[in-house]
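Take a look at the structure set out below.
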Amino acid sequence: MNQKLTKYAWLLPFFSGICWGAAGIFVRTLEHDGLDNFSIISFRMLLAALITGIWILFYNRHLFYVHRRDFWLFIGSGMIGMTALSVFYNISVTKGSLALSAVLLAMSPVFVLFLAAVFFHEPVTRHKLTCVTLAFIGCVLVSGVLESNGLS
C-alpha cells in the first residue's frame, strides 16, 4: 500500500464505525419515505461493492484473484452473511431503538468466535471467553434490561 495511505490507516476503523452508526438514521428515514428493506439493502451493498471495487482496481488488482476452494467462504460470509446481517439490522432499527440495535450488533464477534471454533477448529481460549463475557455484560448494562425489571 502507498506509504501516505498507511500513515492514516488507523483512522479507517473510526470512519467505518461512524458510517455504520449513521446507517440506522438513514434506514429509518428511507423506510419512512417509502423504500422497502430490500431496496435499502440492495443500494447499500451495491454502493459498498462499487467503492471497494474501484479502490481495489486502482490500488491492488491482485486482490480480485480468488482461489476456487475459497468461493464458499465468499458466498457464505459475504453474500449470505452480510445480507442476513443487513436485513436483521434494518428490522431491528425500525422496530427498536438505534442504541439497542448497535449494542446487539456489537455482539457479532461472539458469534464469530463460536462459529470459528466449530467450522475452523480455532481454539476458544480463556482470554477469548473473558472478552466474550465482558462484551455480554456490557451489552446487558447498556440495553436497559435491568432497568425494566426494577433492578437498578
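The values are calculated or read from the model by the stated rules, or taken from the named source; none is laboratory data. Source: prediction; values computed, not measured. Don't worry about glycine lacking a Cβ; one is built from the backbone with ideal geometry, like all the others, and counts go over all protein chains shown.
Name the pairs whose Cβ atoms lie under 6 Å apart, with the first residue in the stretch 127-142 and within 22 Å of S97 (Cβ to Cβ) and in the same structural domain as F111 (by TED's automatic domain parsing), the second among the aliphatic types (A, V, I, L, M) and part of a helix (DSSP H, G or I), and 6 or more positions between them or separate chains?
Close Cβ pairs satisfying both conditions: C139/V103; V142/V103.
Restrict the check to the stretch 128-135 and report whether at least one residue is in contact with a helix residue (DSSP H, G or I) (Cβ under 8 Å, 6 or more places away or on another chain) and over 24 Å from G21 (Cβ atoms).
Yes, the conditions are met somewhere in the stretch 128-135.
Looking at K95 and the list (1) closer than 24 Å to I18 by Cα; (2) basic (K, R); (3) surrounded by 13 or more Cβ atoms within 10 Å (Cβ to Cβ), which single condition is not satisfied?
(3)
S86 - would you say it is under 17 Å from G21 (Cβ atoms), in the same structural domain as A23 (by TED's automatic domain parsing) and surrounded by 14 or more Cβ atoms within 10 Å (Cβ to Cβ)? Give the steps one after another, and end with the answer.
Values: under 17 Å from G21 (Cβ atoms): yes; in the same structural domain as A23 (by TED's automatic domain parsing): yes; surrounded by 14 or more Cβ atoms within 10 Å (Cβ to Cβ): yes.
Spelling it out, S86 is indeed under 17 Å from G21 (Cβ atoms), in the same structural domain as A23 (by TED's automatic domain parsing) and surrounded by 14 or more Cβ atoms within 10 Å (Cβ to Cβ).
Restricted to the stretch 24-39, and to residues that are of a type in the set (D, E) and free of Cβ contacts under 8 Å to residues at least 60 places away in the same chain, which residue is nearest to V87 (Cα to Cα)? Spell out how you get there, then give the answer.
Restricting attention to the stretch 24-39, the residues satisfying the condition of being of a type in the set (D, E) are 31, 33, 36.
In the following step, the residues that additionally are free of Cβ contacts under 8 Å to residues at least 60 places away in the same chain were identified as 33, 36.
Details: D33: 18, D36: 11 Å.
Checked the stretch 24-39; the qualifying residue nearest to V87 (Cα to Cα) is D36.
Go through the stretch 1-117 and tell me which helices (runs of 4 or more DSSP H), entirely inside it, have 1 or more residues that are at positive phi and at pLDDT below 85. If you could, list the steps in order and put the result at the bottom.
Numbers: elements: 3-7, 12-32, 37-59, 82-95, 98-106.
Qualifying helices (runs of 4 or more DSSP H): none found.
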